[in-house]
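> I have a structure I would like to understand better, so I am pasting it below and will then ask my questions one at a time.
The values are calculated or read from the model by the stated rules, or taken from the named source; none is laboratory data. Since the model is a prediction, treat every value here as computed from it, not as a measurement. Glycine also receives a Cβ, built like all others from the backbone with ideal geometry; neighbour counts cover every protein chain displayed. Just so you know, the surface numbers come from the protein's heavy atoms only, side chains and all, with ligands and any DNA or RNA stripped out. Shrake-Rupley method; radii C 1.70, N 1.55, O 1.52, S 1.80 Å.
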Protein chains: 4
Amino acid sequence: MRFFSDNAATVHPMVMDAMMAANGVDTAYDGDAWSRRLDAAFSQLFERDVCALWVSTGTAANCLALAGMARSHQAIICHQEAHIEVDECGAPGFYTGGAKLLLTPGEGAKLTVEAVRQRLSAIRDDVHQMQAAALSITNASEYGLIYTPDEVAALGDLCADRGLKFHMDGARFANAVAASRCAPADVTWRAGVDALSFGFVKNGAMNAEALIFFDTDLADAARYRRKQAGHLQSKGRFLAAQLLAMLSDDLWLDNARAANAAAAILADAAQDRLLHPVEANEIFMSLSAAEAAALRGAGFDFYDWGEGSARLVTSWHHKAADVRPLAAAIAAL
Amino acid sequence: MRFFSDNAATVHPMVMDAMMAANGVDTAYDGDAWSRRLDAAFSQLFERDVCALWVSTGTAANCLALAGMARSHQAIICHQEAHIEVDECGAPGFYTGGAKLLLTPGEGAKLTVEAVRQRLSAIRDDVHQMQAAALSITNASEYGLIYTPDEVAALGDLCADRGLKFHMDGARFANAVAASRCAPADVTWRAGVDALSFGFVKNGAMNAEALIFFDTDLADAARYRRKQAGHLQSKGRFLAAQLLAMLSDDLWLDNARAANAAAAILADAAQDRLLHPVEANEIFMSLSAAEAAALRGAGFDFYDWGEGSARLVTSWHHKAADVRPLAAAIAAL
Amino acid sequence: MRFFSDNAATVHPMVMDAMMAANGVDTAYDGDAWSRRLDAAFSQLFERDVCALWVSTGTAANCLALAGMARSHQAIICHQEAHIEVDECGAPGFYTGGAKLLLTPGEGAKLTVEAVRQRLSAIRDDVHQMQAAALSITNASEYGLIYTPDEVAALGDLCADRGLKFHMDGARFANAVAASRCAPADVTWRAGVDALSFGFVKNGAMNAEALIFFDTDLADAARYRRKQAGHLQSKGRFLAAQLLAMLSDDLWLDNARAANAAAAILADAAQDRLLHPVEANEIFMSLSAAEAAALRGAGFDFYDWGEGSARLVTSWHHKAADVRPLAAAIAAL
Amino acid sequence: MRFFSDNAATVHPMVMDAMMAANGVDTAYDGDAWSRRLDAAFSQLFERDVCALWVSTGTAANCLALAGMARSHQAIICHQEAHIEVDECGAPGFYTGGAKLLLTPGEGAKLTVEAVRQRLSAIRDDVHQMQAAALSITNASEYGLIYTPDEVAALGDLCADRGLKFHMDGARFANAVAASRCAPADVTWRAGVDALSFGFVKNGAMNAEALIFFDTDLADAARYRRKQAGHLQSKGRFLAAQLLAMLSDDLWLDNARAANAAAAILADAAQDRLLHPVEANEIFMSLSAAEAAALRGAGFDFYDWGEGSARLVTSWHHKAADVRPLAAAIAAL
């Protein structure tokens, strides 16, 4: 059984069904009946008017958002292990025509007000240095930690104070919301977030993510840039159908809860080995080479995470019964 | 019945089936079993080693190709009505960091050696003007005309002579090959083409196009740029599965033939009205406002194409029986 | 005697003197005493508060202005023979990260309201085409014609109406003002211009142009971009000193008048040959190869301008006595 | 007396004279007699064929070089306090369309083979991370340290081994050569350097730097990009004249020696306070607020460098007699 990443998991049957159901002739691009329901569906979820654009990857969602927030001569503050810095082949620099990421440290890949403030104060206020125009955080973080609404709001206040736009990379936003049991609104726009990359691919969709603009003034340019970046698919209804299926009857939340629950079972078994608290669906734990080999010998696979440690990610399709054998194997090490 | 565009048509059932069949856990991105078969499958089709990358749109395919051919300070020659100029919101300029399209006229949106030579000779050979680094043609053209292998080869010779890279936008490459009854190799690399945007979305796929590199040296950078542009999907197997299904038993060719055949029926009926020869699956014809209204009243829809003319596009799913009523209606005008 | 271009002319002695006088130790970049006087000096000239930045070339001035007016996914309307299109190696595309120039025809390289309106109306209002964000005109135009205040104001009204920013490339602004005998304000901000590339190099300076922002909100980003583009010189006082010397006692206007007067003498002599009215300091005239050879044999040199015609440009240092022999030679052809 | 920076120093009289002498009519841009002598003059200095382009700033020189070495999806290794990272407002990202600087630590702002190797090995070899394409070092470094020919050659070997292009930011190259008493060739192309930003502005020129290509294949694109970036001045002869004057009779070396000698006098006096060895013309020393105030009270000015320390930079025009009073004042603290 594979615990490499939730982004390789299967597509949920209801998503598949929705895609099948969308297979009639309709208007191209985002003029179809499915795409035109997105704004309303996400507005309901977020309890306010939002603009929702489908895109096929998290990188596209992140960078279309950031391209509207920072210009070529400006900078974006993010964690030094943020996905936009470490795993997107420089996409933010490409999309913005050169804007720089200002890397900031923080426990568990989370940013604090203090850390951001310090990073800001390190910028000389002259034209020789890029001035920060935006802040981007990842929720759940790259180490599977979640931000509470209060933590986000504190950062949101700082952004408002310093004139920064505020972006949230929510590749695992569903897991974060499921874990914090808050309303999606509480941890986003009510806390000052201007745009959210709302991930669905890691949570049961095939290739549809939602880029949500709370600051709807940013949406218009993003629609043009989506086309300019080659992300406006001809048969957009198949992306919209995925998103609508995920929102339907809170499938997104159910899936995230399942993944989180599976992770909790593993975390219980690995209590003494945990490198980070397990708050969502990722487990980082110490594991010797011999131990890793033993687990692999027993049929479980996952990523090594540097020497002597490992990363395991659970997915929406991992049922408790699926992970218990692995939990037992870990406990028995 | 809708004749707006083949890019809004339905997805072929065999493609859908292949996507369903790909819905198991596998390696993410393009490390899966499907994606890894692409190079071989397309190499067989093209009778030589090629590199084949899936992407989700034709714009992405075009611009990832062009970004490897022209740098920021260089130019790309294309037809003045080329899709990359008219319908991609400036994507080539964005992907190249500023390269310019040098617009060239030509009957039926086709370029001739003479026209390209003339455009080249209009460039002053000094640093104040961007020098051409690539040529891009569309086959079938934006007006549904096809290039013969000889015509492509003549342009290929010119490119070789002037040190230009040669790109073919093949959004409707299948229709062109079906129409010209040549081998895919004859109208591409044997004629000097370095990279081909091989379209499938307009021909029965959902959201998978193939970017084919005959000059395989260009492929490595394109893989990085695909990631950087946010086009490396997590579950790439669903794109690869579409392409493999399309190649299987020449489905791509059957579909294109069907669309072309449907267009031929309409063209026959509209003989006196045709603005361009109908060689693939697009019909451009003169049609007064009253005539257009009459057809629409009879249940057929399509784009107006400026005043007094219309564009109709047939798709893989249009059977002869489907289009005959429209043909009759046109003939009866 | 050379009549190739005013941009190869000598530097006026008073400019040289001012540069010598600036050769003391001072603060680097634009923190020196000279640079800090620029805003006030140009504000006085333009009868309102402006921001004035020195840069060393017209291309830099044009593109720093345009980069603040159009984003990567937007377009800039200009004449099809505008310097930014024809002679800057794609600088606008580079500076904006891909914005496109929408080429528009017009007699004598001038744009009319009607022509701009027509170009605007040719843009489809959807995300597949770049929407116009700015208009750029050249005054005096590339063919040496000037815009009257009324002509500029008509374009300014159109810009206001359509939400376009308005840029003027004034590489030969001095010649235009001298010719039209209007106040600099009348043909710029009072007519709706947001930013002006105010050229001095062609008019007696060495390597200092002024980028003038009437819409001062655009200036802040331009200061950062000037640095980012490598245009913030360490010893900026030598650029500022040139500009201040040019403004002093209306040297800029005297120089432009001298160049215009010299051109008028030539124009008189070439009356029957003129391809464009001579309103500033450029003469475009029909001239056979034999005639051109004759003039060159007599010691006058200039550019051929396509077959059978020639361009002659007069400069600030051409005195009436200098050009009379050429006028006589032309008249005698 | 000011010790802020050598980039605010005066222009050497022989440079001024050369500029005066260049004030005749000549061909525009770089077609003039002075510019055309540059390749030969620098080829002689470097004992091999080189291409030499004038530009007006070090940022332009650095980034025109880097833009030819790394593409949008690639990375450039440099010191974490390199000028290109800290003081150029993100110019490398702008010029390359998004390439990233990979920051590397090192004593005194110098890079070692070991540090570069470590930084390289931290890059995952997959498309999710930008791969390094170039290395850039600064000589003399941002803390005034110099690289020996052997140190450069060791880095050059590493570059050759890993397929990296090698750039040297020589804003204070003259001071470095003067200090190391090596041939310019020894510390550049003989040690594997492909391109050098050869600074003159900090060493007595007004606004001319030389971009030297040892890998002359890179020069052609750089010439186009210089124009595209707005750095091709109309009256280029005034830049070329500065460079030729600086090369004449080794003025560049004499000036650098003078600055270094002045720094040595101060370093002697500040021996116990030095934060870095003084090898060229910069002194970094500990200095309390009270001590700084005392020196300023005595008429000497300089930059604070964080709390409790200061940076002093000597220039070509500082004679021994000029700096002795300051040396005495420091010694007396």
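> Would it be correct to say that residue B:201 is within 29 Å of residue B:125 (Cβ to Cβ) and either open to solvent by 10 Å² or more (accessible area, probe 1.4 Å) or not acidic (Asp, Glu) (or both)? Lay out the reasoning, then the answer.
On the way: within 29 Å of residue B:125 (Cβ to Cβ): no; either open to solvent by 10 Å² or more (accessible area, probe 1.4 Å) or not acidic (Asp, Glu) (or both): yes.
Here the answer is no, as residue B:201 does not meet what is asked.
> Scan the range A:1-23 for residues that are open to solvent by less than 30 Å² (accessible area, probe 1.4 Å) and among the charged types (D, E, K, R) and jot them down. If you could, list the steps in order and put the result at the bottom.
Of all residues in the range A:1-23, those open to solvent by less than 30 Å² (accessible area, probe 1.4 Å) come to A:3, A:5-12, A:15-16, A:18-19, A:22.
Across the range A:1-23, the qualifying residue is only A:6.
> Consider residue B:102 against the criteria (1) facing another protein chain (nearest Cβ under 10 Å); (2) within 28 Å of residue A:225 (Cα to Cα); (3) in contact with a Lys or Arg (Cβ under 7 Å, 6 or more places away or on another chain): it satisfies all of them except one. Which criterion is unmet?
(1) is the only condition that residue B:102 fails.
> Identify all residues within the range A:90-127 that are among the basic types (Lys, Arg), surrounded by 14 or more Cβ atoms within 10 Å (Cβ to Cβ) and outside any helix (DSSP H, G or I); write none if there are none.
Those that are among the basic types (Lys, Arg), surrounded by 14 or more Cβ atoms within 10 Å (Cβ to Cβ) and outside any helix (DSSP H, G or I): A:100, A:110.
> Let me ask you something else. Does the range D:56-89 hold any residues that are in a loop (DSSP other than H, G, I, E, B) and over 17 Å from residue A:103 (Cα atoms), and which are they? Let's see the steps before the verdict.
Narrowing the range D:56-89 to residues in a loop (DSSP other than H, G, I, E, B): D:56-57, D:68-73, D:80-82, D:87-89.
Passing the criteria: D:56, D:57, D:68, D:69, D:70, D:71, D:72, D:73, D:88.
Conditions (1) open to solvent by 10 Å² or more (accessible area, probe 1.4 Å); (2) away from chain B (no Cβ under 14 Å), marked per residue:
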site	(1), (2)
A:178	yes, yes
A:207	no, no
A:217	yes, yes
A:220	yes, no
A:230	no, no
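> Within the range B:275-295, restricting attention to residues that are of a type in the set (A, V, I, L, M, F, W, C) and within 15 Å of residue B:314 (Cα to Cα), which residue is most open to solvent (accessible area, probe 1.4 Å)?
Top of the filtered list is B:278.
> Do we have residue C:263 as under 23 Å from residue C:139 (Cβ atoms), open to solvent by less than 20 Å² (accessible area, probe 1.4 Å), within 14 Å of chain D (Cβ to nearest Cβ) and hydrophobic (A, V, I, L, M, F, W, C) here?
On the way: under 23 Å from residue C:139 (Cβ atoms): yes; open to solvent by less than 20 Å² (accessible area, probe 1.4 Å): yes; within 14 Å of chain D (Cβ to nearest Cβ): no; hydrophobic (A, V, I, L, M, F, W, C): yes.
No: the conditions fail for residue C:263.
> Related question: Pairs only if they're at least six apart or on different chains, beta carbon under 9 angstrom, first in the range B:66-91 and more than 11 Å from every other protein chain (Cβ to nearest Cβ) and under 11 Å from residue B:142 (Cα atoms), second of a type in the set (Phe, Trp, Tyr) and open to solvent by 10 Å² or more (accessible area, probe 1.4 Å); list them, first residue then second.
So the pair list comes out as B:81/B:143.
> What's the total number of residues in the range A:217-246 that are under 20 Å from the mean Cα position of the chain (by Cα) and either modelled with pLDDT under 95 or within 17 Å of residue B:61 (Cα to Cα) (or both)?
Residues that pass the stated criteria total 2.
> Okay, moving on. Please specify each residue of the range B:5-23 satisfying the condition of being within 7 Å of chain A (Cβ to nearest Cβ) and more than 11 Å from residue B:245 (Cα to Cα).
Within the range B:5-23, the first condition is being within 7 Å of chain A (Cβ to nearest Cβ), and the residues that meet it are B:5, B:7-11, B:16, B:20, B:23.
Within the range B:5-23, B:5, B:7, B:8, B:9, B:10, B:11, B:20, B:23 meet the criteria.
> Kindly provide the set of residues from the range A:301-319 that are assigned to a strand (DSSP E or B), free of Cβ contacts under 8 Å to residues at least 60 places away in the same chain and open to solvent by 40 Å² or more (accessible area, probe 1.4 Å), ordered by number. Show your work before the answer.
Filtering the range A:301-319 for residues assigned to a strand (DSSP E or B) gives A:301, A:303-304, A:309-313.
Filter again for free of Cβ contacts under 8 Å to residues at least 60 places away in the same chain, leaving A:304, A:309-311.
Once the filter is applied, which keeps residues that are assigned to a strand (DSSP E or B), free of Cβ contacts under 8 Å to residues at least 60 places away in the same chain and open to solvent by 40 Å² or more (accessible area, probe 1.4 Å), the range A:301-319 yields only A:304.
> Take residue B:132 and decide whether it is out of contact with any Cys (no Cβ under 8 Å at 6 or more places or on another chain) and within 14 Å of chain D (Cβ to nearest Cβ). Reasoning before the result, please.
Values: out of contact with any Cys (no Cβ under 8 Å at 6 or more places or on another chain): yes; within 14 Å of chain D (Cβ to nearest Cβ): yes.
Yes, satisfied.
> Quick check on my filter: what residues within the range A:320-333 are among the aliphatic types (A, V, I, L, M) and open to solvent by 20 Å² or more (accessible area, probe 1.4 Å)?
The initial filter retains those residues of the range A:320-333 that are among the aliphatic types (A, V, I, L, M), namely A:320-321, A:323, A:326-333.
If the condition is that a residue be among the aliphatic types (A, V, I, L, M) and open to solvent by 20 Å² or more (accessible area, probe 1.4 Å), then A:320, A:321, A:328, A:329, A:331, A:332, A:333 are the ones that fit.
> To continue, here is another question. Can we say residue D:254 is within 30 Å of residue D:13 (Cα to Cα), surrounded by fewer than 21 Cβ atoms within 10 Å (Cβ to Cβ) and either modelled with pLDDT of 95 or more or β-branched (Val, Ile, Thr) (or both)?
Numbers: within 30 Å of residue D:13 (Cα to Cα): yes; surrounded by fewer than 21 Cβ atoms within 10 Å (Cβ to Cβ): yes; either modelled with pLDDT of 95 or more or β-branched (Val, Ile, Thr) (or both): yes.
Spelling it out, residue D:254 is indeed within 30 Å of residue D:13 (Cα to Cα), surrounded by fewer than 21 Cβ atoms within 10 Å (Cβ to Cβ) and either modelled with pLDDT of 95 or more or β-branched (Val, Ile, Thr) (or both).
> Could you please give the count of residues in the range A:188-205 that are within 10 Å of chain B (Cβ to nearest Cβ) and of a type in the set (D, E, K, R)?
Step one: list which residues in the range A:188-205 are within 10 Å of chain B (Cβ to nearest Cβ), which gives A:199, A:201-202, A:205.
Okay, now just the ones that are also of a type in the set (D, E, K, R), so A:202.
Number satisfying all stated conditions: 1.
> Pick out the one residue from D:30, D:26, D:39, D:49 that is more than 14 Å from chain C (Cβ to nearest Cβ) and either in a loop (DSSP other than H, G, I, E, B) or open to solvent by 60 Å² or more (accessible area, probe 1.4 Å) (or both).
D:49
> I need the full set of residues from the range B:28-55 which are touching a Gly at 6+ places or on another chain (Cβ under 9 Å), more than 22 Å from residue B:177 (Cβ to Cβ) and not acidic (Asp, Glu), in order please. First the steps, then the outcome.
Start the filter on the range B:28-55 by keeping residues that are touching a Gly at 6+ places or on another chain (Cβ under 9 Å), which leaves B:28-32, B:34-35, B:54-55.
Still in the running and more than 22 Å from residue B:177 (Cβ to Cβ): B:28-32, B:34-35.
B:28, B:29, B:31, B:34, B:35, listed by residue number.
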